[in-house]
Amino acid sequence: MRYTAGRTSDRIALWIVLSLLCLLALVALFAPQLAPHDPASIQLSARLLPPGHGYLFGTDELGRDIFSRVLFGARISLGVATTVVALSLVVGMVVGAIAGFYGGWRDTVLNLYVMNAFLALPGILLAIAFVAFLGPGLRNLIFALALTGWVNYARLVRAQVMAAREREYVEAARSLGASDTRILVRHILPNIAQPIIVQSAIGLAAAVLAEATLSFLGLGVPPPAASWGSMLNDARAHLFDAPYMAAFPAGAVIVTVLAMSFLGDLLRDMADVRG
């Protein structure tokens, strides 16, 4: 009875988290229609206005509407996170599948040398160095985060493929003359999808946080584009006289990262057959 109740509560929590993430996605998608002001419009006569006065979240030091900038910041954060996870997942699945399925010298080179080389350096520092070398920009930001994020997916896929390649259905497919590519794509990868989906949900949270960190350091999307991290950077000089400048973008980051982290945890718990 406790097991059933626990599963029911997990499903309810999952629907709540999915609803929140869907709301965030809709906000990001329809930001131009929802924003009451141009997020890049400078109105020095309305600078540092508190919430209210025609501005739901107040204005920043240049008189820009914080609410509109938070909405447009969601487009950048969610767009970057989704693209980074997609790229990292594709690269990680290809590298991990090759290393885990074939083993031997391929596994030695890819796992022992390539993956460990990337894991030896902190991912955020490698991303900072990469963006600092090429310059800030959306494309460089996505490429830098994908460059540092694919290793986790590769190691996960490698471990799952190594365990799955010895299963009976793989031996049956091989005895029927199926090619290696068909065995991987049609038989192994669909059966290891659950842990990959869980890792992707957690990776989304990490990507949002990494994008905010790089933007805070001035290595993200250049101004006047609105980003939660750059908004926090702008708010540093006004933490005492205008704390709302930091509170709203920080709250957006916290809510998004927590929702994605909870999604990953819930999916992992629901996939745990030991319950």
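Brief remarks on what is shown
- Among the residues of segment 42-63, those identified as touching a residue at least 60 places away in the same chain (Cβ under 8 Å) and either in a helix (DSSP H, G or I) or buried (at least 17 other Cβ atoms within 10 Å of the Cβ) (or both) are Phe57, Gly58, Asp60.
- Scanning segment 92-142 for residues that are closer than 24 Å to Pro195 by Cβ, surrounded by 14 or more Cβ atoms within 10 Å (Cβ to Cβ) and not hydrophobic (A, V, I, L, M, F, W, C) yields Gly92, Gly96, Gly100, Tyr102, Gly103, Arg106, Asp107, Asn111, Gly123.
- Within segment 182-275, helices (runs of 4 or more DSSP H) holding 1 or more residues that are among the polar types (S, T, N, Q), under 19 Å from Ala13 (Cα atoms) and without any contact (Cβ under 8 Å) to a residue 12 or more places away in the chain: none
- A Cβ distance below 6 Å, combined with a sequence gap of six or more or placement on separate chains, defines the contacts here; from segment 112-132, residues that are closer than 23 Å to Val94 by Cα and touching a residue at least 24 places away in the same chain (Cβ under 8 Å) reach residues that are of a type in the set (Ser, Thr, Tyr) and in a helix (DSSP H, G or I) in the pairs Gly123/Thr148; Ala127/Thr148.
- Leading residue by the ranking (modelled with the highest pLDDT) among those in segment 32-56 that are of a type in the set (S, T, N, Q) and under 31 Å from the mean Cα position of the chain (by Cα): Gln33
- All conditions in (1) among the hydroxyl-bearing types (Ser, Thr, Tyr); (2) modelled with pLDDT of 90 or more; (3) surrounded by fewer than 19 Cβ atoms within 10 Å (Cβ to Cβ) hold for Ser68, with the sole exception of (3).
- Any hit, segment 42-49, residues being within 18 Å of Trp228 (Cα to Cα), in contact with a strand residue (DSSP E or B) (Cβ under 9 Å, 6 or more places away or on another chain) and polar (S, T, N, Q): no
- Restricting segment 138-191 to residues that are β-branched (Val, Ile, Thr) and closer than 30 Å to Glu211 by Cα leaves a set whose member that is farthest from the chain's Cα centre (by Cα) is Val157.
- Every condition in (1) touching a strand residue (DSSP E or B) at 6+ places or on another chain (Cβ under 7 Å); (2) touching a residue at least 40 places away in the same chain (Cβ under 8 Å) holds for Leu20 except the one numbered (1).
The values are calculated or read from the model by the stated rules, or taken from the named source; none is laboratory data. All of these numbers come straight from a predicted model, not from anything done at the bench. Every residue, glycine as well, gets a Cβ built from its backbone with ideal geometry; the counts of neighbours run over all protein chains shown.
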